[in-house]
Amino acid sequence: MRAVEYVLGPVVAVLLAAIGELVSAEIRARLDRIPLALLAMAARRLPPEQYQALYVGAWLPELHHVLQGDQATPITRLIHGIRFAASLWLLAPMVGRELAGDVRDTQHLAYQAFPHRTIRGELVRTKSEVVIANCLHSIGLHYEYERGLEGTADQGRRVPDFTIIGGTGNVVLWEHLGMLDDPMYAEHWHRKLAWYARNGFELNKNLFVTSQIGSLDMRAVETTAKKVQKALG
Amino acid sequence: MPVDEVRFTTTVARVLREFLEMPSEPCYGFDLMRATGLASGTLYVILARLERAGWLTSEQEDIDPVAAKRPARRLYRLTPDGAQAARQELAELSEKLRPPLPVRSRLGYQGEAL
């Protein structure tokens, strides 16, 4: 009997430690949503033309740094994250007004966040998006890059990478996921996917996804473009 | 290129003071918040104002987000004209805020004689 206890004791201890670690990771992930949600609310208070440059280009990367930086212990990062996002929520309209004073500078900011130009001429964020945009263009599909999408079932707004519009006005979305190995990015994507589902966008029906970890697979891009074309009818 | 005039407050001065510590080095928003003790909202209002007036420029960090496993952050940097204007404004503000001399010193030699 005692021998069994000697064997089971350490096993149970290891199991409990592992469960504790899992619970801790779960709590951390859920707590991180609070400042992210606050920051998303702040972004909604910005003029639409400044959304990308300020929220996506400046604020979100800073919050990411706060939440995932080397010195980010759980409580500290939560407090710093909430303070960062809450203050921006309060003053976002004022930041917008300051920038709106000069259109040239807004364009300059946008250029910094979207440094790559497609064949069709618009600026996009990554080289992979250039490839996708050019691929859609080459097969004659009309797309819009990062066009805001208002929810029909849910309140709120999401920004798909590409919105492809068919001849009859039907819409297909294409999301390219470049950082799925980042847990925060993956978590954000799963929530976005759920939002799409609630608002009538179904995977491989009117929502298509490509992903990359490291290099981009051009064959996957071409296959997806053909699926998009077929879905549009 | 000459810079536009900026409404110069003590919070603007705190931000510019931080930039002038190393004028050629770019700064991140969160690092500026910590160094100046300003809240993020206040800081980004000031950064927007300074950038619009040509005192600052900003650029996206040159990293591969996939390799770095994080999004590129925005970096802010003083322009040469902005640095010159900032030094001048800070010197003027410092002069204005300098405590008055004690009465005896202000009276000088005449005061000693009384």
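The values are calculated or read from the model by the stated rules, or taken from the named source; none is laboratory data. Model, not experiment: these values are computed from the prediction. Glycine also receives a Cβ, built like all others from the backbone with ideal geometry; neighbour counts cover every protein chain displayed.
The table below gives the values:
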| item | result |
| --- | --- |
| Matching residues, the range A:180-214, being within 10 Å of chain B (Cβ to nearest Cβ) and in contact (Cβ under 8 Å) with a residue 12 or more places away in the chain | A:L180, A:D181, A:P183, A:M184, A:Q212, A:I213 |
| Residue match in the range A:193-216 (condition: in contact with a Cys (Cβ under 8 Å, 6 or more places away or on another chain) and either exposed (fewer than 13 other Cβ atoms within 10 Å of the Cβ) or not acidic (D, E) (or both)) | no |
| Selection from the range A:93-114 of residues that are modelled with pLDDT of 65 or more and within 7 Å of another protein chain (Cβ to nearest Cβ) | A:M94, A:V95, A:E98, A:L99, A:G101 |
| Filtered residues of the range A:54-75 (kept if more than 9 Å from chain B (Cβ to nearest Cβ) and modelled with pLDDT under 90) | A:L67, A:D70, A:Q71, A:A72, A:T73, A:P74, A:I75 |
| Near pairs, Cβ below 6 angstrom, 6+ apart or cross-chain, from the range B:16-30 (closer than 17 Å to B:G54 by Cα and within 14 Å of chain A (Cβ to nearest Cβ)) to any residue that is surrounded by 20 or more Cβ atoms within 10 Å (Cβ to Cβ) and of a type outside the set (D, E) | B:C27/B:Y76 |
| Considering residues of the range A:47-57 that are in contact with a Leu (Cβ under 8 Å, 6 or more places away or on another chain) and within 16 Å of A:A85 (Cα to Cα) only, the residue surrounded by the fewest Cβ atoms within 10 Å (Cβ to Cβ) | A:Y55 |
| Breaking point among (1) surrounded by 15 or more Cβ atoms within 10 Å (Cβ to Cβ); (2) modelled with pLDDT of 85 or more, for A:L123 | (2) |
| Where A:R45 falls short, out of the listed (1) part of a helix (DSSP H, G or I); (2) farther than 20 Å from A:M179 by Cβ | (1) |
| Qualifying residue in the range A:159-175 (condition: closer than 23 Å to A:L63 by Cβ, more than 14 Å from every other protein chain (Cβ to nearest Cβ), modelled with pLDDT under 85 and touching a strand residue (DSSP E or B) at 6+ places or on another chain (Cβ under 8 Å)) | yes |
| Qualifying positions in the range B:47-99 - free of Cβ contacts under 8 Å to residues at least 12 places away in the same chain, under 22 Å from A:H65 (Cα atoms) and among the charged types (D, E, K, R) | B:D62, B:D64, B:K69, B:R70 |
| Number of positions in the range B:35-56 that are more than 8 Å from chain A (Cβ to nearest Cβ) and either buried (at least 22 other Cβ atoms within 10 Å of the Cβ) or not in a helix (DSSP H, G or I) (or both) | 10 |
| Out of B:P23, B:P65, B:P71, sole residue that is modelled with pLDDT under 90, touching a strand residue (DSSP E or B) at 6+ places or on another chain (Cβ under 6 Å) and surrounded by 13 or more Cβ atoms within 10 Å (Cβ to Cβ) | B:P23 |
| Conditions (1) β-branched (V, I, T); (2) under 26 Å from A:Y145 (Cα atoms); (3) in contact with a His (Cβ under 8 Å, 6 or more places away or on another chain); number of the one not met by A:V66 | (2) |
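Yes or no, residue by residue, for (1) of a type outside the set (S, T, Y); (2) within 19 Å of A:Y55 (Cβ to Cβ):
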site: A:G140; (1), (2): yes, no
site: A:R147; (1), (2): yes, yes
site: A:A153; (1), (2): yes, no
site: A:P160; (1), (2): yes, yes
site: A:I165; (1), (2): yes, no
site: A:T168; (1), (2): no, no
site: A:V171; (1), (2): yes, no
site: A:L180; (1), (2): yes, no
